[in-house]
Amino acid sequence: MARGLLSELNRIAKRAAREAERSRKTADRRAQQATREAERERLAAARRAQEAAKASERAQKQLAKARAHDRKMLEQKAKEAHIAAQTALIEQKNTELVEIYDEIDTLLKATLAIDDFVDLESLKVTVKHIPFDRPDLEKPIPAPVPLAEPRKPILDNPSPPTGIAAWFGKKKHERAVVAANNAHEKALTEWHAIKLQRKADYEKEIEEHQRRETERQQTLAAEKQRYATECNDREKKVMELNAEVDSLIANLGYGVPDAIEEYISIVFENSVYPEHFPVRHESSFEAANAELTLRIFVPSPSSIPTIKAYKYTKAKDEINHTNLSQKACKDRYANAVHQVTLRTLHEVFESDRRGLIKTISLEVGTETRDPATGNQTFIPFVATGAGREVFMEFDLSAVLPIATLKHLGASVSKNPYGLEAADTFGIRKS
């Protein structure tokens, strides 16, 4: 089985579901972390900031149009609106800052209420064909309708004169009869010509219709063949992907190392970390001793916010901020690293319901450039081992992460924030 193919399947087939799950987990986590009152206050702060900004804009427009004697009053209103807008903005920024820190401080708690097991059957997909995109070709082209035959001319001879007129108008009547017959002959000639022309035009339209109809049928056949090929390709791809899932399920049942590594990769893909604290992993499984070796990459200390709070100084019309103390930054980062370590152990063991993984050898650290070589290098902050039976007895909702790591015999950096590495040798596995 090619490594990463199922990860690609997970990205393609489950992206929408995973995003929905991510949103749900984020909402659940925030609900646990903040009271409804805090959420209302956050929304109210944003609304006040928006309203104050609009009020400031209105005041500025009014100021530009004001007459001289109103200018001073409007200037004061504009100033007050600006101060209100800045104050509301500060309130919003501080609320967002609190949320960021709260998410970092509760990385472990965020996963404890979630079942990390991945039902691989759910990764299977069903083929979904789009409708045939050329329905316009399925309707036959209407045949031309023949024109009605022109009415045949009728000879209308003048009536012969009667009475006294019969004696004096005989020649005139004869001339009228000749003229009527001549006109009738001419009309008949024109009538025959029109009939022939209409017949010729109709035959030409029939010929053109047959040509266009033949072209339509040929194009329709080609388009249906193209559509059938696309459907067959989709079905083939779905069958291959589902066969790959079946293969992963079967190989996982046999404890094939590649399958275990692939499954753990999917578990970690589904693990939702905050956007401002992304985590990635590398893994390998040793079947001989049922040990999973993991390396977890956390963000560098420089990517974590250090702002304590924002403030607005009315006198200078400036937005400034105060920074957290060095100790607070160190403590938060170290605690986040410790939580990621326990969270990783928890997610692996909980997702492995078959107990295929007996022990985990784990390093958690960050990548940075070596000042001596300029190359990217990995700095481990925690190196630990954990056995399944021992670790699953822990109640992680009530632990102090650093104490748990010490209990596991982990090697822990004294100062991760200062990029000080932990000793990775001689780690005891529980």
Pair E51, A193: separation of 7 Å Cα→Cβ label points (nm): 8.7
Of E103, E261, E235, the one that fluctuates the most in a GNM where the chain has Cα springs shorter than 10 Å: E235
Sequence of I194, I296, I307 when ordered by accessible area, the most exposed leading, probe 1.4 angstrom: I194, I307, I296
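Given +1 on the Cβ of Lys and Arg, -1 on the Cβ of Asp and Glu, and no further charges, what dipole in debye does the chain carry about its Cα centre, rounded to the nearest 20?
On the way: 68 positive and 66 negative charges, 543 e Å.
Dipole of the chain, to the nearest 20 debye: 2600 debye.
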The chain: angle of helix 68-105 to the longest principal axis, Cα-based, in degrees nearest 10: 70
Percent of C-alpha pairs per 5 Å bin, the range 104-186, short to long: 3, 9, 7, 6, 6, 5, 4, 4, 4, 4, 4, 4, 3, 3, 3, 3, 3, 3, 3, 3, 3, 4, 3, 3, 3, 2, 0
Among the listed pairs K54/K330; K93/K327; K330/K358, those beyond 30 Å (Cα-Cα): K54/K330; K330/K358
Most mobile of E51, E286, E215 in a GNM of the chain (Cα contacts under 10 Å): E215
Separation between Cα centres of the range 305-326 and the range 378-412, rounded to whole Å: 37
Backbone HN-Hα couplings from phi across the range 372-379 [Karplus 6.51/-1.76/1.60, Hz, Gly and Pro as x]: 7, 10, x, 8, 5, 9, 9, 10
Value at 222 nm in deg cm²/dmol, rounded to 500, when DSSP H runs of n ≥ 4 in the chain each add -39,500 (n - 2.57): -19500 deg cm²/dmol
Relative contact order (percent, whole number), the range 188-304, Cα cutoff 8 Å, 6+ residue spacing: 14
Selection of chymotrypsin sites (Phe, Trp or Tyr not before Pro), the range 221-316, meeting DSSP coil and at most 15 other Cβ within 10 Å: Y254
Computed FRET value (nearest 0.05) for E185 with R211, which takes r as the C-beta separation and R₀ as 56 Å: 0.90
In degrees, nearest ten, helix 326-351 long axis to first principal axis of the chain (Cα): 70
Rotationally averaged projected area of the range 135-248 (alpha carbon convex hull; nm²): 10.3
Residue-by-residue Karplus 3J(HN,Hα) for the range 125-131, coefficients 6.51, -1.76, 1.60, Hz, glycine and proline x: 10, 10, 5, 10, 8, 6, x
Derived scalar couplings ³J(HN,Hα) [the range 241-257; Karplus, 6.51 cos²θ - 1.76 cosθ + 1.60; whole Hz; x for Gly, Pro]: 5, 5, 5, 5, 5, 4, 5, 5, 4, 5, 5, 5, x, 8, x, 5, x
Max mean-square fluctuation residue, GNM over the chain, Cα-Cα springs under 10 Å, options A53, A179, A315: A179
Exposure of K316 as accessible area (Å², to 10), given a probe of 1.4 Å and all protein chains: 140
For Kirkwood radius over Cα pairs in Å, calculated from these coordinates, the label among (1) 30.3; (2) 23.3; (3) 25.0: (1)
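The values are calculated or read from the model by the stated rules, or taken from the named source; none is laboratory data. In this text, all values refer to a predicted model and were calculated from it rather than measured experimentally. Every residue, glycine among them, receives a Cβ derived from its backbone with ideal geometry; neighbour counts consider all protein chains shown. Ligands, DNA and RNA are stripped out before the accessible areas are found, and what is left, the full protein with its side chains, is counted by its heavy atoms. Shrake-Rupley method; radii C 1.70, N 1.55, O 1.52, S 1.80 Å.
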